[in-house]
Amino acid sequence: MASAAQQVIFHPTVSQTLKLWGTTVGRDKTYRAVQYFARFLAWLLLSRGHKIEAARWNALKNHLALGRKLMRLGKPWEHLQSAMRAAQRTDIPAVETITTMGRQVAYFGYLTNDMFVWANNIKFYNLKPSTAARVNKHANRFWLAGILMSITFGLLKAGRLANEAKELQTSAWAEKGSEVERDAKLQANLAARADARFQFIVDLLDVWIPATNLGLVNLNDGIVGLFGFISSLMTLRSQWIAVNGKKL
């Protein structure tokens, strides 16, 4: 019995999961996945008339959302630093630099406003209802702008990488460098394009969340929750690979 318990407790998957949850990103993405799944499930239960069960999952969603705001209190400054670092880069086209900076500044605005939303929700700093609604709207506008900037950046980067791949495959380039060097550059190009496609898909899923919050589109909580859940699982899997060095 003790041997079986040890095998469960010290199972490699358990150890890898604890390692994932030892990172802030790992915990946040796990909470986010549960939050949006709860949003989807609450909508599903409510649509079938199960009001009591739906209220339970809706409460879980709200508390997780509030907890995640607390975890992000210092994050606006990270995005400002990322914007400054992007401004100093000279290895990418100017349009990619501008969209990168725009995305980071937008996320700074989003998370800064989100801090006031959190402070108001926990009654640490009381805002007038009209002011609270305005701050929340500003947060969603910045969030939407950041995602749109990220989508634009992804399209620009994908186009540039595709052109670089074509250039590497031409016979003219082969005369300038060795086959080994070209193959190495092609592999790096393919990896960069895969990363760009991955982030592009995540952005396409997430963009509907602030757009719905702002009333720009009319998606129900079920669809929004499902999109958020899928994008959360995608980024959680990416973080798992980064932490553990292997796929799930």
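Brief remarks follow.
- Any chance ALA83 is hydrophobic (A, V, I, L, M, F, W, C), surrounded by 14 or more Cβ atoms within 10 Å (Cβ to Cβ) and in contact with a Gly (Cβ under 8 Å, 6 or more places away or on another chain): no
- In region 120-131, the residues that are closer than 19 Å to ALA65 by Cα form Cβ pairs under 8 Å with partners that are assigned to a loop (DSSP other than H, G, I, E, B) and aliphatic (A, V, I, L, M), at six or more places apart or across chains, as follows: ASN120/LEU127.
- If the condition is being assigned to a helix (DSSP H, G or I) and among the hydroxyl-bearing types (Ser, Thr, Tyr), then region 103-131 contributes TYR107, TYR110, THR112, SER130, THR131.
- Residue that is farthest from SER82 (Cα to Cα) [pool: residues in region 118-140 that are surrounded by fewer than 18 Cβ atoms within 10 Å (Cβ to Cβ) and under 21 Å from the mean Cα position of the chain (by Cα)]: LYS137
- Picking from residues in region 194-216 that are among the hydrophobic types (A, V, I, L, M, F, W, C), more than 14 Å from the chain's Cα centre (by Cα) and over 11 Å from ILE147 (Cβ atoms), the one that is surrounded by the most Cβ atoms within 10 Å (Cβ to Cβ) is LEU214.
- Boolean, GLY67 is in the same structural domain as SER238 (by TED's automatic domain parsing), closer than 23 Å to THR212 by Cβ and surrounded by fewer than 19 Cβ atoms within 10 Å (Cβ to Cβ): yes
- Only a single item in (1) under 20 Å from SER232 (Cβ atoms); (2) in the same structural domain as GLN35 (by TED's automatic domain parsing) is not met by TYR110, and it is number (2).
- For the criterion of being surrounded by fewer than 13 Cβ atoms within 10 Å (Cβ to Cβ) and either within 22 Å of LEU216 (Cβ to Cβ) or not small (Gly, Ala, Ser) (or both), PHE108 fails.
- For the residues LEU60, LEU45, the requirement of being of a type in the set (A, V, I, L, M, F, W, C), surrounded by 15 or more Cβ atoms within 10 Å (Cβ to Cβ) and more than 22 Å from ASP114 (Cβ to Cβ) singles out LEU45.
- In summary, ARG89 fulfils each of the numbered conditions (1) touching a Ser or Thr at 6+ places or on another chain (Cβ under 9 Å); (2) modelled with pLDDT of 95 or more; (3) not polar (S, T, N, Q) with the single exception of condition (2).
- Any hit, region 1-12, residues being in contact (Cβ under 8 Å) with a residue 24 or more places away in the chain and within 22 Å of ILE241 (Cα to Cα): no
The values are calculated or read from the model by the stated rules, or taken from the named source; none is laboratory data. Predicted model only: the values in this text are computed from it and were never measured. All Cβ positions, even for glycine, are placed from backbone atoms using ideal geometry, and neighbour counts span all protein chains on display.
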